[in-house]
Structure formats: structure tokens, C-alpha cells
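The values are calculated or read from the model by the stated rules, or taken from the named source; none is laboratory data. Computed from a predicted structure; not experimentally measured. Cβ coordinates were reconstructed from backbone atoms using ideal geometry, including for glycine residues, and neighbour counts include every protein chain displayed.
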Amino acid sequence: MTTTTAAADRFSKGASRVPDLLFRSASGVFAWVIVAVLGLLAVLLFLNSNQALSKFGSSFLTGTTWDPIAGIYGALPFIVGTIASSFIAIVLATPIGLLTAIFLAELAPRRVSIPLTFTIELLAAIPSVVFGLWGVFVLGPFLKNTVEAWIASTLGWIPIFAGPTDGVGLFAAGVILTLMILPTIIAISRDVITAVPDAQREAMLALGATRWEMITKAVLPYARSGIIGAVILGLGRALGETMAVTMVIGNKTQIPESVFQSSQTMASQIATTFNEASIGLQTSALIGLGLVLLVITMTLNVVARLLVWRVSGRGEGRA
């Protein structure tokens, strides 16, 4: 018997399983507590919104009128505004974030990548109200006279890109959300790309591939599930963002026909009207908006998890 085997036997005989059992049990309890809190939140939202849901039924989701004076509440304009602004943000942020992560992880020298990564991650610490103020006084006027004007003049024949442009509306909200979710997408994508084994890169380069071919055919397929997860996390952040969007989206209860028109999200509607809402049907309707937002977010996360599992399974099958 070797010295290593003897030491292992003594350790296995003298070691106690109690700490492992305690750690596993405590971890399981905390995990289920999180699930219970989420379930309790959903139940409380449902119970407190039941007055509006029972009165309007499916018309609460499909109705387009939100009139507290008349007691009519339809959430469709807010649902459309939330999904549209988040869609604009994810369409803009995904290629920018992915290319930035590739540059930081694969192309930039360390003296550039380290401070640049630190600076980008600092964007996540900026309060959303600061983004909103910057959007109102700087970004909005800039977009109105440049990007929005160019899009309207070039693609104005397409209804969703028709003017006029005001620097306030869905497009401005989407751009603000893009800046806010970029740190999440970049940071996670960079970490995932960095975690790809060097053997993947070396094998591809040994076969005569260029650096671009190595990145696109060896690194990105290996990191695909993590990148998808980063994008979904960014989308989840965009769906729930409140203050910055409230300050630049225009806060008009309508289903926008153009990306330049004013709109409103579920989060912004709750934030701007909940304090002044009358107890009863109006408060119940606002809580119903929160329930719809929670359902959309949870559905998105479930779909994302299934997608990541599917992609990971395919990657393992090819391996």
C-alpha cells in the first residue's frame, strides 16, 4: 500500500459526513425558500389583482382603453410598449455586446482589455434615473436630429419607421435600454468566451484556420449556451426597467404605430400612477399589470432555460 493510499484511508475513516449533510440540507432549504418566495409573490399579486381580473376577464389583456374615471382598464398598450421597447434594446445590444465581448476576450491586449472591462462594468452601477436625465437632455435631442431623422427619411415608407421624430418615444427608450443592458451582456459573454478551453483554439489554429475562423467555428459554438443566457438576462433587465424608460418613452397610453411615437410600459405605468391611485379597482388593475409583467418575465426565463439546455445538449452530442 502506498503512502498516498494509506493517507486517503485514514482520512476517509476519520472524516465525518455531518458537515456535508448539513451543507447540502442548508443549501436545499435556501433554494426552496427562494422558490417559495417567488410563488408567494405570484399568489399575492393574483389575489390583490383579482378584482380587476374578475371584472374584465380576458379584456384586461386585450383592451386598449385605460380610463380610471370611467373605470375601464385595458393593459394591451402597456404590454405592447414593454415588449416593443425591450425588443428594440435586445436587437441593438446583442451584436454590440457580443462583438465587444469577443474583442475583450480574444483580440485586445491585456493593458487594454482590463481597464476597458472595468469601465464597461461600471456602467451597471449608474442609477437608472441618471440614464433617464441624460436621455432627456442629451440623447433625445441628438437622436431627433440625426439617427431618427435619417431613419425616417430613408425608411419612412415603412409604417413602423414613419415620422415625425421628436426624440421621445419607443426608439429613444430602446436606445436607453440598450445602454443599460450592455454591461450585463458584455460581462457574461466575455466570461463565457474566456472560459473556453485553449485546446479548442489551438486545435483550430493547428488546422490552418485564421483567427476569425477560430473564433466563429471553435470558440462561439462552444460558448453559445452561455451567450444565449447573457442575452436573456439582458432582456429580463430591459423588461423590468422603470425610471429611465419613464423619462424618455413619452408616457402616452396608446398602441404605437411607429417606433418614433410615444408609448408606455407596464413598469412605467405602475411607477407613475400607483401613489395617486384610488383604493379599489384602479389599484387592483395596477397590481394586475405587475402580475402580467411577472408572468411575461417568468415565461421568458423558462423558455430561455429550455433553449440553453437544448443548445447545450446539441453541443454535447457533436462532441
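Observations
- Residue 215 vs. criteria of a type in the set (A, V, I, L, M, F, W, C), at pLDDT below 90 and touching a strand residue (DSSP E or B) at 6+ places or on another chain (Cβ under 9 Å): no
- Verdict on residue 92 being touching a helix residue (DSSP H, G or I) at 6+ places or on another chain (Cβ under 6 Å), part of a helix (DSSP H, G or I) and modelled with pLDDT under 90: no
- Residue count for segment 44-65 under the criterion of being buried (at least 16 other Cβ atoms within 10 Å of the Cβ) and under 25 Å from residue 235 (Cβ atoms): the result is 3.
- Exactly one residue out of 271, 230, 267 is closer than 18 Å to residue 95 by Cβ and within 24 Å of the chain's Cα centre (by Cα): that is 230.
- Among the residues of segment 273-317, those that are modelled with pLDDT under 85, more than 13 Å from residue 225 (Cβ to Cβ) and not small (Gly, Ala, Ser) comprise 274, 275, 276, 279, 300, 301, 302, 303.
- Only residues that are over 24 Å from residue 220 (Cα atoms) and either aliphatic (A, V, I, L, M) or in contact (Cβ under 8 Å) with a residue 60 or more places away in the chain (or both) were counted in segment 66-103, giving 19.
- Number of positions in segment 253-289 that are of a type in the set (D, E, K, R) and free of Cβ contacts under 8 Å to residues at least 60 places away in the same chain: 1
- If you go through segment 44-68 and keep only what is part of a helix (DSSP H, G or I) and of a type in the set (Ser, Thr, Tyr), you end up with 49, 54, 59, 62.
- Residue match in segment 79-89 (condition: part of a helix (DSSP H, G or I), in contact with a helix residue (DSSP H, G or I) (Cβ under 9 Å, 6 or more places away or on another chain) and closer than 18 Å to residue 189 by Cβ): yes
- Residue 41 being touching a residue at least 60 places away in the same chain (Cβ under 8 Å), loosely packed, with under 14 Cβ neighbours inside 10 Å and not in a loop (DSSP other than H, G, I, E, B): yes
- Enumeration of residues in segment 268-288 that are surrounded by 22 or more Cβ atoms within 10 Å (Cβ to Cβ) and under 22 Å from residue 135 (Cα atoms): 268, 269
- Condition check for residue 278 on (1) assigned to a loop (DSSP other than H, G, I, E, B); (2) under 24 Å from residue 69 (Cα atoms); (3) within 24 Å of the chain's Cα centre (by Cα): one failure, at (3).
- None of 248, 295 is of a type in the set (A, V, I, L, M) and within 29 Å of residue 164 (Cβ to Cβ) except 248.
- Matching entry among 261, 254 (being out of contact with any Leu (no Cβ under 6 Å at 6 or more places or on another chain), crowded, with 17+ Cβ neighbours inside 10 Å and assigned to a loop (DSSP other than H, G, I, E, B)): 261
- Residue 225, sole failed condition from (1) over 30 Å from residue 130 (Cα atoms); (2) surrounded by 18 or more Cβ atoms within 10 Å (Cβ to Cβ); (3) modelled with pLDDT of 85 or more: (3)
- Single residue of 203, 187 found to be over 30 Å from residue 261 (Cβ atoms), in contact with an Asp or Glu (Cβ under 8 Å, 6 or more places away or on another chain) and small (Gly, Ala, Ser): 187
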